[in-house]
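Enquirer: Once you've had a glance at the structure underneath, I'll fire off some questions.
The values are calculated or read from the model by the stated rules, or taken from the named source; none is laboratory data. A quick note: this is a predicted structure, and the numbers were derived from the prediction, not measured. Note that each Cβ is placed from the backbone with ideal geometry, even for glycine, and that neighbours are counted across all protein chains shown.
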Amino acid sequence: MNKLQNDIFIRACKRQSVERTPVWMMRQAGRYLPEYRAIRKKADFLTMCKTPELAAEVTIQPVEIIGVDAAIIFSDILVIPEAMGMRLEIREGEGPVFHNPVRNEDDARRLKTIDPGRDLKFVLDAVALTKRELKGNVPLIGFCGSPWTLLTYMVEGRGSKNFSRVKSLLYNNPALAHSILDKLADADADYLSAKIEAGADAVQIFDTWGGVLSQNDFEEFSLRYIEKIISQIRRKDQPVIVFAKGVHYNLERLAGAGADVVGLDWTMDLGEVRKKIGSKVALQGNLDPTVLYANQDKIREETRKVLSSFGEGGGHIFNLGHGILPDVDPENAKALVQLVKEESKAFHHRGTETQRF
Ligand code: CP3
C-alpha cells in the first residue's frame, strides 16, 4: 500500500489508537451535492459509472467539499448482475430496474460467470485513476453488494416492499437460490480482490436487505455467503467492513464472519453493541441519516450522543446508519464532518487504545 497522508480511517478499522474518530458517509457521492448534479446533468448514472474520469471526479468531490476521511469509489452494487447479462436501467425517481429478472432455472443458467478484469474493467480503471488523483490524501474504499442483497434485485427485478418473489424462491426452490448465491459470492470475492489489486485500501460488503430475513434464513441465505466472500478475498492487510441493516439478533454471528469492521444502522445502541462484539471488531456508524434535516445545534447534540454511546478509545468509525439522503443540505453534511472531527478528540487520549467500557 502506498503511504497515506491521512490513514486515520484505516487505523480505526484495525482498532489501533487514533487522535480523533474518523468519519465518512455512505452514499457520500450523490445528488445532495450540486457539484454531483452538475456532472449528472451531462451523463446518466450508468454512463458515469462506466466512465472512469467521471467516476473518479465524483468520488473525490465529498473528500474536497465535505472533508471526509475516506473516499468510496463511485459505482453501484448492481454492476455485477449487469455484467452477468442482466439488463439494468436506473430510472429517475424510481431506482433500479432489471428487464429480465431471474425467476427459474433457465434464467439462472443464462447468468454468465464473470471475469472482473474483463467484464468490470471500467470499475478497476476508475479505482486506479481515483487512487492516482487522490495522491495518497485519504484511503479509497471498494465495495460490493452481498449475494443476498443482489439476489433480491435480480429476482424482484426492482426495489421491493415484501420481497415476495425472492422469498418464494427461497422456500420453493432453495437449491436454485443457493446455486445463484454461491455464484454471486464467487463473483463478489473476485471483484473485491481485483479492486484491492487496483488500489482499494479497504472494502465494504453492503447487506442492505439482510434484516428482512428471519434469524435462521439470514444465517442460511446471507451470512454463509458473506463468510465465503471474506474467506476468498485476496488481500494483504486491507480491512473488510460488513454493513448489514436490521440484523439485531445476528450481531455476534456477523462479528464472527471474518470482517474487521461491522457497520450498524441507527436503530442499534453503539455502546451496547460494543459490549457484545467490540473486542472482536471495530464498529462503524450509526447516526440516523434524517438527523441531517435538523438544525446544526440538533446535529451537534445527536453527534455527541453517538460518540459518547461508543465511549472512549479506538475502534469506531463515524458514519450514518444508512446512505445520505438526496435532499440533505450539503452545509449540514459539512457541519457534521467538522463536528465529529472536533467533538471526538475528547474520546481519545494517549494510552486509551486498550478499550474501556
Ligand atoms: O457511497 C457512495 O458514495 C458510493 C456510491 C454508491 C451508489 N450505490 C451510488 C448510487 C453505493 C455504495 C451504492 C450501493 C447500493 N446501490 C446499494 C447498497 C447500499 C444502500 O444504499 O443500501 C443498493 C441497495 C444499491 C441499488 C441502487 N442503486 C438503488 C436502490 C438506487 C436508487 C437510489 C436512489 O437514491 O435513487 C441506485 C442508484 C444509485 N446508486 C444512485 C447513486 C448515487 C442514484 C443515481 C442517480 O444519480 O440518479
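Enquirer: Tell me the residue from 224, 253, 304 that is surrounded by fewer than 22 Cβ atoms within 10 Å (Cβ to Cβ), among the basic types (Lys, Arg) and closer than 30 Å to residue 59 by Cα, please.
Expert: Residue meeting the stated conditions: 304.
Enquirer: Tell me which residues, restricted to the stretch 62-82, are part of a helix (DSSP H, G or I), surrounded by fewer than 23 Cβ atoms within 10 Å (Cβ to Cβ) and either within 12 Å of the chain's Cα centre (by Cα) or within 10 Å of the ligand (Cβ to nearest atom) (or both).
Expert: Selection gives 79 alone.
Enquirer: Looking at (1) within 9 Å of the ligand (Cβ to nearest atom); (2) crowded, with 17+ Cβ neighbours inside 10 Å; (3) part of a loop (DSSP other than H, G, I, E, B), find the lone condition where residue 86 falls short.
Expert: (1)
Enquirer: Let me ask something else about it. Looking only at residues that are under 21 Å from residue 243 (Cα atoms) and in a loop (DSSP other than H, G, I, E, B) in the stretch 148-161, which one is nearest to the ligand (Cβ to nearest atom)?
Expert: 159
Enquirer: If you go through the stretch 100-111 one residue at a time, do you hit one that is more than 14 Å from the ligand (Cβ to nearest atom) and under 23 Å from the mean Cα position of the chain (by Cα)?
Expert: So far as the stretch 100-111 goes, no, none of its residues is more than 14 Å from the ligand (Cβ to nearest atom) and under 23 Å from the mean Cα position of the chain (by Cα).
Enquirer: Being under 28 Å from residue 166 (Cβ atoms) and buried (at least 18 other Cβ atoms within 10 Å of the Cβ) is the filter here; which residues of the stretch 109-129 pass it?
Expert: 111, 114, 116, 119, 120, 123
A quick yes/no check of all residues on (1) part of a helix (DSSP H, G or I); (2) more than 28 Å from residue 31 (Cβ to Cβ); (3) aliphatic (A, V, I, L, M); (4) more than 22 Å from the chain's Cα centre (by Cα):
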{"residue": "286", "(1), (2), (3), (4)": "no, no, no, no"}
{"residue": "291", "(1), (2), (3), (4)": "yes, no, yes, no"}
{"residue": "323", "(1), (2), (3), (4)": "no, no, no, no"}
{"residue": "331", "(1), (2), (3), (4)": "yes, no, no, yes"}
{"residue": "334", "(1), (2), (3), (4)": "yes, no, no, no"}
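Enquirer: For the stretch 348-355, state whether one or more residues are more than 16 Å from the ligand (Cβ to nearest atom), acidic (Asp, Glu), over 26 Å from residue 206 (Cα atoms) and at pLDDT 95 or above.
Expert: Looking through the stretch 348-355, none of the residues is more than 16 Å from the ligand (Cβ to nearest atom), acidic (Asp, Glu), over 26 Å from residue 206 (Cα atoms) and at pLDDT 95 or above.
Enquirer: For residue 172, only one of the following conditions fails: (1) more than 15 Å from the ligand (Cβ to nearest atom); (2) crowded, with 21+ Cβ neighbours inside 10 Å. What is its number?
Expert: Unmet condition: (2).
Enquirer: Shifting gears a bit: Of (1) more than 19 Å from residue 131 (Cβ to Cβ); (2) without any contact (Cβ under 8 Å) to a residue 40 or more places away in the chain, residue 48 satisfies all except one. Which?
Expert: Unmet condition: (1).
Enquirer: Out of the residues in the stretch 245-279 that are of a type in the set (A, V, I, L, M) and in a helix (DSSP H, G or I), which is nearest to the ligand (Cβ to nearest atom)?
Expert: Across the stretch 245-279, the extreme among qualifying residues is 254.
Enquirer: Return a yes/no flag: does the stretch 136-147 have any residue that is more than 21 Å from the chain's Cα centre (by Cα), on the phi < 0 side of the Ramachandran plot and outside any loop (DSSP other than H, G, I, E, B).
Expert: Scanning the stretch 136-147, I find no residue that is more than 21 Å from the chain's Cα centre (by Cα), on the phi < 0 side of the Ramachandran plot and outside any loop (DSSP other than H, G, I, E, B), so the answer is no.
Enquirer: Those residues that are surrounded by fewer than 18 Cβ atoms within 10 Å (Cβ to Cβ) and more than 10 Å from the ligand (Cβ to nearest atom), I need them from the stretch 15-36; list them, please. Give the steps one after another, and end with the answer.
Expert: Restricting attention to the stretch 15-36, the residues satisfying the condition of being surrounded by fewer than 18 Cβ atoms within 10 Å (Cβ to Cβ) are 16-17, 19, 27, 31, 34-35.
Once the filter is applied, which keeps residues that are surrounded by fewer than 18 Cβ atoms within 10 Å (Cβ to Cβ) and more than 10 Å from the ligand (Cβ to nearest atom), the stretch 15-36 yields 16, 17, 19, 34, 35.
Enquirer: Next question, about the same structure. Is it the case, given these coordinates, that residue 58 is surrounded by 17 or more Cβ atoms within 10 Å (Cβ to Cβ), of a type in the set (Val, Ile, Thr) and within 20 Å of residue 322 (Cα to Cα)?
Expert: Criteria met by residue 58.
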